[in-house]
Structure formats: structure tokens, C-alpha cells
Amino acid sequence: MPANDVVAATRSYERWLSAQTSVVAADLRYKRERMDEDPFVFLRATYFRWAQQWASTVPDVAAAPVVIGVGDLHMENFGTWRDAEGRLIWGINDFDEAHTAPYTNDLVRLATSVVLAAGARKLHISPRVACQAILDGYLANLARGGRPIVLAEQRRWLRAIAIEQLKDPAPFWKGLVSDVTCTFGDYPAAVTAAAMPDRRLAHQVHRRRAGVGSLGRPRFVAIAQLGGAYIAREIKAVVPSAHVWVAGTRARSADVTWLLEHAIRVPDPFYRFSKDWITRRLAPDCTKLDIHALAGAKDQLRLMRAMGTETANIHLASPTRAVIADLEQRPARWLHNAASTMADATAAEWKAWRRR
């Protein structure tokens, strides 16, 4: 079993990670530095530690029906993409840690990120109200069998926020193309070529440093000119979920392709998940929504409910009758109470990490 204190557990996980992929040592050092920043960033960086501890920290909540879940779910794992019709879609956009787990794992982790954000004064609503909004959206969407979040004639309030926060193309592309170009052989050439609209399209490949939890894994961006303007594809190494590390076995991660095919959502046509690599489109309109930039409590409350709605869309890839029954017998404020407990535990771990 992995070691019990956070420093030893981090070393154990990093050794395991290095056996799964060709670790980028500089990115892993950068990840450790980022873990110092605050409890919210620490939470994002340490899903392996969450997977190791959460069930023993809130055992009553962890005793719940199992689904194929997102795993590393938090407020920053939601964003926009374009579907095959060119429509703007919003939803969960990171499935690196997808695995079979109690449905409560995703809800409590999402709610914990909310509690930590509120503690940093980044929300205009109380954690209790936010947690209830997540739960209301989740249960309502389970009951109706799911509904994709398409930002068209419906969800006009969310579409307006998404359009307002779309990145300016000029600085977006300047940032992507400024990195040092990889030499041939440093990247999976066949994968980057297959990610392009035409394998013969000339493209440059750069190493990319992004996110927090996946830092250390090989990640590249392939950039080309098409029609006189840039296009880009991100290529990121696939690593088994941290739940596999916790189990200490050769257990397999969830089949993400199967999960996305059966979840209630409009797919990103550029998102591909193979045995070794994840590829997706990068563009100014493929971006996360910054909840901290929302000026009003009403919009933040709506967004929390939408996060619960989208979480249900993913869980509906699994049978959910037992989930609904379990939810109906849980006491009031159970999600807020569990998230508060996990937020306190995360803050304590962060302090222990900083004392290392």
C-alpha cells in the first residue's frame, strides 16, 4: 500500500507514474512547486492522494452505489467545445482519472473544490448554497434521464457567459506557437499526423505545459496553418487512473471511449482516446469558463447547478436507479458536510506538504 503521509505518498505515486510513462522531470518539479500555492491548487494536483484517503475520511458518504465517474472532478474541469454542427457545447472536458467509484466521489470532490474556492473568497455565494445547487442539478437531471448542455436557443445565459469569456485569438495563438519546437523523434509523429485534418499537412510540434494534475505526463501540441489561419491539436499521454495505484494491482482504468459514447452529451468530434494518447482540438473557443470572473451571485448559482447537471449526464452512462434511491435517503446538507470535512483534510495536507 502507498505510504500514509503526504510527502511519502507523493514520492510513491511519482515512482509509479514513471513506470507508466516517460515522465517529463521538469514538469513534475513544476507541479511540486504549484502544490505549494494554496489548498485549491493542491487539491487539483493530488487526485492520487484523494483516491487514497477520501473513503476513510467520509466513510458514510463513500458507502454508495458505484458508477463510472470522472474521478478528478473540480470546478476547473468544465469548458466549451464545438460539436460536428459547429454549435458551442459546455461540459466536463477532462477524463484522465475516469474510473469506477461510488457516485458520491465526483459530487464530493466537486463540492470540496467549491468550499476551498469560497474559503479563498472567490465566490459570491455561500458554500452551503453552492453545494445544494450542485445536488439539485444532479438529482433533477438524473430523474429526467439526462440532457446535453448545448449553448443555443436553450441555456442562453450560459451561452452569453461563454461567448464573453472566449479567448482573443491573437494572444491565444501567440502563446501556443512561442514554445520551442520539438525535434523529430521527441514526439509520437504518427499520432500528431493522424490528429491533423490531413496526414500530409505540414505541422510543428511543441511540448506543452498545462493543467496541474497531469503535469509530468508527456504533452504536446501540433500546430499547422490551414486556410491562412492556425489550427492546433493537443496530444497527451494516457496513464491509468490513480485508483489503480491505490489498489496496488494491475486493475484497468475505465474505458473512457465507452464512457463518452454512453454518457448523455453532445461529443467533441476532435476528442479521441486511444490506448496510449488523448488528442483534442485546441482553439480560442475551446476553453474553460472562469467562475471567479462572474460578477453576480445569480450566475454563479446557475453555473453550480449546471455543474451538477453535467455530472449526472456522465453518471447516466451507468445504471442510476440505485443512485436515485440512495440520494433520497441521505440527510439534508450531507454534501456540504462531506465537502467541508474533505476541504479541512485537504487544507491540513497542504500545510503538511509545505512543511516538508
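The values are calculated or read from the model by the stated rules, or taken from the named source; none is laboratory data. Note that this is a predicted model, so its numbers are computed, not measured. Here Cβ is always computed from backbone atoms with ideal geometry, including for glycine, and neighbour counts include all displayed protein chains.
In this structure, does A348 turn out to be surrounded by fewer than 19 Cβ atoms within 10 Å (Cβ to Cβ), without any contact (Cβ under 8 Å) to a residue 12 or more places away in the chain, hydrophobic (A, V, I, L, M, F, W, C) and in a helix (DSSP H, G or I)? Don't jump to the end; show me each part of the working.
Numbers: surrounded by fewer than 19 Cβ atoms within 10 Å (Cβ to Cβ): yes; without any contact (Cβ under 8 Å) to a residue 12 or more places away in the chain: yes; hydrophobic (A, V, I, L, M, F, W, C): yes; in a helix (DSSP H, G or I): yes.
Yes.
Determine whether R272 is touching a residue at least 24 places away in the same chain (Cβ under 8 Å), under 27 Å from D168 (Cβ atoms) and not hydroxyl-bearing (S, T, Y).
Working: touching a residue at least 24 places away in the same chain (Cβ under 8 Å): yes; under 27 Å from D168 (Cβ atoms): no; not hydroxyl-bearing (S, T, Y): yes.
It is false that R272 is touching a residue at least 24 places away in the same chain (Cβ under 8 Å), under 27 Å from D168 (Cβ atoms) and not hydroxyl-bearing (S, T, Y).
Mind checking which residues of region 296-329 are without any contact (Cβ under 8 Å) to a residue 60 or more places away in the chain and closer than 24 Å to S126 by Cβ?
Hit for region 296-329 is K298, nothing else.
Within region 216-226, track down each residue that is assigned to a strand (DSSP E or B) and within 16 Å of the chain's Cα centre (by Cα). Can you show your working first?
Residues of region 216-226 that are assigned to a strand (DSSP E or B), as a first pass: 219-226.
Across region 216-226, the qualifying residue is only R219.
Give me the helices (runs of 4 or more DSSP H) completely within region 227-330, filtered to those with at least 2 residues that are at pLDDT below 95, ordered by residue number.
On the way: elements: 242-247, 256-262, 297-315, 321-328.
It comes to 242-247, 256-262, 297-315.
Among the numbered criteria (1) more than 19 Å from A343 (Cα to Cα); (2) assigned to a loop (DSSP other than H, G, I, E, B); (3) within 14 Å of the chain's Cα centre (by Cα); (4) not small (G, A, S), which one does E85 miss?
(3)
Would you confirm whether or not region 60-78 contains a residue that is out of contact with any Leu (no Cβ under 9 Å at 6 or more places or on another chain) and assigned to a helix (DSSP H, G or I)?
yes
Which count do you get for residues in region 21-55 that are in a helix (DSSP H, G or I) and either surrounded by fewer than 17 Cβ atoms within 10 Å (Cβ to Cβ) or not small (G, A, S) (or both)?
Looking only at region 21-55, we keep the residues that are in a helix (DSSP H, G or I), and these are 25-34, 39-45, 47-55.
From the residues that got through so far, the ones that are either surrounded by fewer than 17 Cβ atoms within 10 Å (Cβ to Cβ) or not small (G, A, S) (or both) too are 25-34, 39-44, 47-50, 52-54.
Qualifying residue count for the region: 23.
Those residues that are surrounded by fewer than 19 Cβ atoms within 10 Å (Cβ to Cβ) and either acidic (D, E) or without any contact (Cβ under 8 Å) to a residue 40 or more places away in the chain (or both), I need them from region 56-93; list them, please.
Across region 56-93, the qualifying residues are S56, P59, D60, A63, D83, E85, G86.
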